[in-house]
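Below: the structure, in structure tokens.
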2 protein chains.
Amino acid sequence: MHFQLITQDRTSAARCGQIHTHCGIIDTPVFMPVGTQGTVKSLTPDELEDLGAQIILGNTYHLYLRPGAERVARFGGLHSFMHWHRCILTDSGGFQVFSLAKMRKLQEEGVVFQSHIDGSRHMISPEIATQVQMQLGSDIAMCFDECTSYPVTYEYARNSMQLTVRWAKRCKAVHDLEQQALFGIIQGSVFSDLREECLEQLEKIGFDGYALGSLAVGEPKEEMLAVLETITGQLPESRPRYLMGVGTPQDLVEGVRYGVDMFDCVMPTRNARNGMLFTSWGSIQIKNSRYTDDQSPIEEGCECYTCRRFSRGYLRHLFMARELLAYRLNTIHNLHYYLQLMQQMRTTIKQHQFEQWRRDFYNRLAPLQDAN
Amino acid sequence: MHFQLITQDRTSAARCGQIHTHCGIIDTPVFMPVGTQGTVKSLTPDELEDLGAQIILGNTYHLYLRPGAERVARFGGLHSFMHWHRCILTDSGGFQVFSLAKMRKLQEEGVVFQSHIDGSRHMISPEIATQVQMQLGSDIAMCFDECTSYPVTYEYARNSMQLTVRWAKRCKAVHDLEQQALFGIIQGSVFSDLREECLEQLEKIGFDGYALGSLAVGEPKEEMLAVLETITGQLPESRPRYLMGVGTPQDLVEGVRYGVDMFDCVMPTRNARNGMLFTSWGSIQIKNSRYTDDQSPIEEGCECYTCRRFSRGYLRHLFMARELLAYRLNTIHNLHYYLQLMQQMRTTIKQHQFEQWRRDFYNRLAPLQDAN
């Protein structure tokens with residue numbers, strides 16, 4: 001994997017680049033749709049390609065439990081299993097072990113937990129998480145880390161960060177898949193000195209990219225932005241920077257402004273299935289009765305598959321009738337919105353018009369957001 | 001609407017034809033995928049076109065209750081509402097009123113019932129059913145009828161058939177949408193003389209096509225085939241013949257053999273969502289653990305979208321994980337199977353090889369069906 005910086009914005013830390021992987025090129029800043037169980041819920045790989053997705057995320061925790069990484073490996077890896085031939089990033093399983101699994105027990109060795117599916121007992125260690133990701137054959141693997149919730153004490157955050165660093169060393173030690181990049185994850189909660197220390201330690205180990213974990217986990221937005229501002233200023237320019245699990249469209253804009261290159265979040269896909277649709281002037285709830293007789297598309301001028309064919313009234317009907325097509329058409333629209341937002345940012349950064357675009361973005365959003 | 005008979009098989013009643021409608025041409029014998037609530041569950045209209053569907057069915061009962069026929073009319077009719085520009089046949093609502101609605105009360109005037117959705121009280125009469133279908137703007141509308149269950153007494157069947165004839169007169173009297181055909185429905189349970197009398201009465205009224213109702217409602221297969229044999233011999237050659245709600249692949253083959261032109265059934269779509277997949281040698285349950293590591297497609301050589309991309313192992317994973325994509329990929333495969341089956345029959349009838357093809361169909365099916 002090789003990262004090429006193409007444009008650095010003049011008035012902010014925003015930047016454009018390209019990640020060259022075994023599977024192809026990823027234009028950054030990039031949003032990665034989440035394909036938890038070997039599928040971005042409701043969509044085919046063809047639809048993801050049509051939407052312009054260059055990379056998707058697979059969840060190691062889920063795939064480890066079902067269908068199992070060895071099985072996926074026998075199918076030729078995750079790309080082949082799910083018939084997706086562009087890039088895949090796999091997370092380390094850390095976040096899901098802490099958020100989904102039952103009866104988890106954290107040890108120096110790793111985490112013992114019970115499956116949320118059938119209660120079966122498992123242990124994921126840094127070595128296992130790395131091995132599993134090598135079996136899945138993703139293009140970018142993540143170090144196994146402990147995700148801290150918010151708030152935590154300084155002492156807990158420090159101990160946790162130090163554990164994450166020790167685990168990162170162990171991940172790096174066993175990682176030996178040449179075509180797969182390995183990213184380190186910076187922990188330290190909202191404490192800037194811990195984040196900085198973590199980054200310093202991870203850089204000594206040396207990774208292909210650096211991610212920020214345990215942000216957007218409940219802390220005030222200002223705290224998240226403060227961590228972002230501190231840490232992105234110190235990240236090596238030559239490596240991709242990944243803000244994990246973030247976020248709202250506004251979060252993406254602010255992340256890009258602080259120099260983040262990669263994002264993932266379930267928001268566009270999960271909210272689509274709950275009937276919440278993104279537009280440039282805010283979000284709408286399609287189940288709202290005001291859309292019952294509405295013959296206009298979700299957003300006038302939107303070029304997505306859904307908006308070029310279907311009315312709000314029809315989408316509302318599908319959603320109220322719990323029709324499967326509802327989840328799919330909504331998902332297409334929301335992912336189109338997210339991916340186009342990134343496309344716009346890439347374009348305006350290259351044109352050195354990012355700050356102007358950012359002001360316009362908020363101007364479009366604000367007044368109608370209130371009215372909604 | 002105009003029906004053109006193209007080929008009459010030499011050794012059976014099987015025949016090929018074309019139904020010319022306002023919306024285009026339908027090659028018969030034809031299978032109509034069921035789009036109950038203004039969507040063939042999980043699929044887009046584009047996918048239905050790619051599958052070669054020339055006509056789909058919409059359920060008047062469901063659309064009348066939600067979103068309402070007047071609303072659909074304001075969207076320009078069902079074609080425009082759901083963005084499907086090929087043909088649509090709407091049923092009369094009769095079958096659903098008798099199978100889904102609560103607290104129904106049958107009167108000469110019509111049927112009073114409570115909605116299965118919210119318990120609200122409604123009345124559907126022949127006039128209302130016809131009016132609703134004109135509002136939906138389907139290409140083929142059906143007369144409102146009473147569906148008899150199985151078994152019923154001769155007396156009940158006779159009274160019911162006579163009511164259906166009186167209702168058919170009322171439907172015809174109010175129907176005045178030139179581009180929409182109106183079909184009569186032959187009732188009379190398994191009693192051949194009642195079926196014949198019904199047909200005679202309906203022909204006096206005069207319809208664009210004739211349907212057989214209340215078959216495949218639990219009667220032994222031989223009884224169904226006996227009715228088919230009797231009645232199809234007497235149906236006017238110049239009108240399309242529609243066997244409602246039927247059936248299995250074998251039912252379609254037998255129906256075609258007796259000269260039926262049109263079929264509809266939820267089986268390919270509903271069974272797909274339950275993981276039952278059709279192949280030329282029988283059906284498989286994708287959740288069966290034998291498919292866990294199976295890298296082959298559902299059916300080797302199948303040209304459907306699903307089989308050209310995905311393995312049984314992946315489809316089983318999606319199904320076990322209850323992923324939305326499972327229902328969709330399974331539906332595509334099953335509809336492809338049904339639509340290709342009809343295509344094969346149309347081809348072999350034209351080549352005067354239908355009986356040979358039919359023997360091959362059963363030869364392929366039988367041995368492995370037992371093994372499954």
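The numbers here are math on the coordinates, done by the rules we state, and not lab data. Quick caveat, the model's predicted, so the values are computed rather than measured. Counting neighbours? That spans all protein chains shown, and the Cβs are built from the backbone with ideal geometry, glycine included.
At-a-glance table
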| item | result |
| --- | --- |
| Filtered residues of the stretch B:180-223 (kept if among the β-branched types (Val, Ile, Thr) and touching a strand residue (DSSP E or B) at 6+ places or on another chain (Cβ under 9 Å)) | B:Ile185, B:Ile186, B:Ile205 |
| Which listed residue, of B:Thr331, B:Thr347, is closer than 25 Å to A:Leu63 by Cα and among the hydroxyl-bearing types (Ser, Thr, Tyr) | B:Thr331 |
| Conditions (1) under 19 Å from the mean Cα position of the chain (by Cα); (2) within 14 Å of another protein chain (Cβ to nearest Cβ): number failed by B:Thr28 | (2) |
| Selection count where residues are touching a residue at least 24 places away in the same chain (Cβ under 8 Å) and more than 17 Å from A:Pro45 (Cα to Cα), scope the stretch B:300-311 | 2 |
| Single condition A:Leu5 does not satisfy, out of (1) within 14 Å of another protein chain (Cβ to nearest Cβ); (2) under 15 Å from A:Pro240 (Cβ atoms) | (1) |
| Condition check for A:Thr292: among the hydroxyl-bearing types (Ser, Thr, Tyr) and either more than 14 Å from chain B (Cβ to nearest Cβ) or surrounded by 23 or more Cβ atoms within 10 Å (Cβ to Cβ) (or both) | no |
| Residue under evaluation A:Glu323, criteria (1) in contact (Cβ under 8 Å) with a residue 12 or more places away in the chain; (2) under 20 Å from B:Gln37 (Cα atoms), criterion not met | (1) |
| Among residues of the stretch B:210-228, those that are in contact with a helix residue (DSSP H, G or I) (Cβ under 9 Å, 6 or more places away or on another chain), in a helix (DSSP H, G or I) and not basic (Lys, Arg), counted | 5 |
| Single residue of the stretch B:37-70 satisfying the filter (among the charged types (D, E, K, R) and either within 11 Å of another protein chain (Cβ to nearest Cβ) or under 20 Å from B:Gln135 (Cα atoms) (or both)) that is surrounded by the most Cβ atoms within 10 Å (Cβ to Cβ) | B:Lys41 |
| Options B:Leu277, B:Leu335, B:Leu318; residue that is within 27 Å of A:Glu47 (Cα to Cα) and within 11 Å of chain A (Cβ to nearest Cβ) | B:Leu318 |
| Tally of residues being in contact with a Cys (Cβ under 7 Å, 6 or more places away or on another chain) and not aliphatic (A, V, I, L, M) across the stretch A:123-163 | 5 |
| Odd one out for B:Ala73 among (1) small (Gly, Ala, Ser); (2) touching a helix residue (DSSP H, G or I) at 6+ places or on another chain (Cβ under 6 Å); (3) more than 13 Å from chain A (Cβ to nearest Cβ) | (3) |
| Checking A:Asn274 against (1) surrounded by fewer than 22 Cβ atoms within 10 Å (Cβ to Cβ); (2) of a type outside the set (Val, Ile, Thr); (3) within 30 Å of A:Thr7 (Cβ to Cβ), the condition it does not meet | (3) |
| Matching helices (runs of 4 or more DSSP H) fully within the stretch B:94-209 where at least 2 residues are touching a Leu at 6+ places or on another chain (Cβ under 6 Å) | B:126-136, B:154-174 |
| Helices (runs of 4 or more DSSP H) within the stretch A:1-90 that include 1 or more residues of a type in the set (Lys, Arg) | A:69-74 |
